[in-house]
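K.L.:
My questions all concern the structure below.
The values are calculated or read from the model by the stated rules, or taken from the named source; none is laboratory data. Since the structure is predicted, the reported quantities are computational estimates derived from the model, not experimental observations. Positions of Cβ are backbone-derived with ideal geometry, glycine not excepted, and every protein chain shown enters the neighbour counts.
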Amino acid sequence: MAKLSGKTKKSLSSKMPLRQINREPEKANSQENADDAIGKAIAIASAKKPDKKFLPVSKEIFDRIGYGFGSQQFVSILFFLTGASFFVIGAINGARVVLSTLVSLLLQQYAKIKSVRRIVSASGIIFGFSFLLISTAVFLHSVALFSLAVLLGGASIVPYSDLYQKLVREKDKTYLRRIVNYGLIITAISLFVSAFLMDFFPITGVPVEFSIFGKLFSFRVYGYLIAFEATALSFILSGYILSFIDVKDESEGSSAFKSFRESWSQLRQKMPYFLGNRAILILVIAGALTSLSQTIGNSYYGIFVYDHFINKGFGGFLNVAVVFLIAVFSSIFGSLVSKIDSKAYGKFPTLAFGTLLMAVMPLSYYYKPNLILVAMGTMSGIIGAAIVGVANGLLALELVSESERGFYFSFYSFFVIIAYLVFAPMLSYFAQIFGLSSLFLLLALILVMVTLLYVIAVALQSQPA
């Protein structure tokens, strides 16, 4: 019996086919003993090789909870309530994107040298801790600490989110796409609960008293503290789970200095081609301006809804949650519309249409805003952003060969960095001097200008070669 069990274990550990394993017990004197031996050996093998299919799903669930409780709009509102000026809010968010882009460029090259699995996992934990720093900054009314926390979150979200998506195995990607709608529901519930907590327990706190064995205890409950602790816990657990998920290792083992130097040299050689291709150049400039408009707008949209409608509708954070919940669910239709329109009308016309929809969003915040109009405008903007995102990706695949796409995205990233370094402080200062309504009008005009760039691209494409 012991001898047979040992053989079966050995067969299983050597990855012998199950049919061949089943033939081994035929040599035993007792079929009953053979079955018992196989059963025990399979149980031992199963214990050594646990099923890890649930790990990506668990990570996705914790991510969705974290993104809901720690909504970017809520972060901006708390930044404002902590005492930050419009200029500081916009400038820090612009710096966050610059830092994120730089980290992305560096890690893409580093991933070619060494495995980044531990970095990706640790970044999720760091991203979670950034929300604990935000909570501390709000409690201490420290704008400097809040700014540091936002920048830390921006630096850690790139390896945690973007790089993970590139390294996750295709079988896991396919499975995760199937549950995306469930993820939106989880985010929606988390967003609503977070808003309720922040309204029910405002930033000033709600005093709570109770007694145990005649001894009185009193303290204050803060909604943002509960919500962001839930956010931090979700991302920390997600980052920990990620350390057990099998991801692709694309490292080549070369030296860091050599890899960075070669990549920079190759990019410089490709730049004249990208600058000389009018369609690619328009796509890059338009994409950078669109990204800038989105980032600056998203820095203030939540603040405007919170402050302007605080005594209307659901009040405070719940108004913000309702407005953006409607928009989030409508984004599903945006990607579908983009794929259909791209095939029927072409990529550049689809980009022009999507950008015009995006321009409706800041206009709805500017022109006689009410809660319903703002909600509809936000929905239009989110749908437009989804259309632009899908069409932009499809057009990049069409214009740039597979061997040059890495250089193209690096080229695009440099344009984004320049645009943010130059224009993000200017737009933030504009908001500080002229107010949010004037800024929203300016953002709408920038998006209209981007639409005209796409129209020019269509005209250039229609010209005979």
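K.L.:
Can you tell me how many residues in the stretch 378-389 are closer than 17 Å to Leu289 by Cα and crowded, with 19+ Cβ neighbours inside 10 Å?
P.N.:
7
K.L.:
Now a separate question. Failed condition for Pro425, given (1) surrounded by 18 or more Cβ atoms within 10 Å (Cβ to Cβ); (2) touching a residue at least 24 places away in the same chain (Cβ under 8 Å), with all others met?
P.N.:
(1)
K.L.:
Let me ask you something else. Quick check on Phe257: is it modelled with pLDDT under 75 and surrounded by fewer than 17 Cβ atoms within 10 Å (Cβ to Cβ)?
P.N.:
Spelling it out, Phe257 is indeed modelled with pLDDT under 75 and surrounded by fewer than 17 Cβ atoms within 10 Å (Cβ to Cβ).
K.L.:
A further question follows. Within the stretch 177-218, track down each residue that is assigned to a strand (DSSP E or B) and either surrounded by 11 or more Cβ atoms within 10 Å (Cβ to Cβ) or at pLDDT 90 or above (or both).
P.N.:
Val206, Val208, listed by residue number.
K.L.:
Let me ask something else about it. Can Lys114 be described as in a loop (DSSP other than H, G, I, E, B) and either outside the structural domain of Ser413 (by TED's automatic domain parsing) or at pLDDT below 75 (or both)?
P.N.:
On the way: in a loop (DSSP other than H, G, I, E, B): yes; either outside the structural domain of Ser413 (by TED's automatic domain parsing) or at pLDDT below 75 (or both): yes.
Yes: the conditions hold for Lys114.
K.L.:
Does any residue in the stretch 209-235 that is in the same structural domain as Leu140 (by TED's automatic domain parsing) and free of Cβ contacts under 8 Å to residues at least 12 places away in the same chain come within less than 6 Å, Cβ to Cβ, of a residue that is part of a helix (DSSP H, G or I) and polar (S, T, N, Q) six or more places away or on a different chain, and which pairs are these?
P.N.:
Filtered contacts from the stretch 209-235: no entries.
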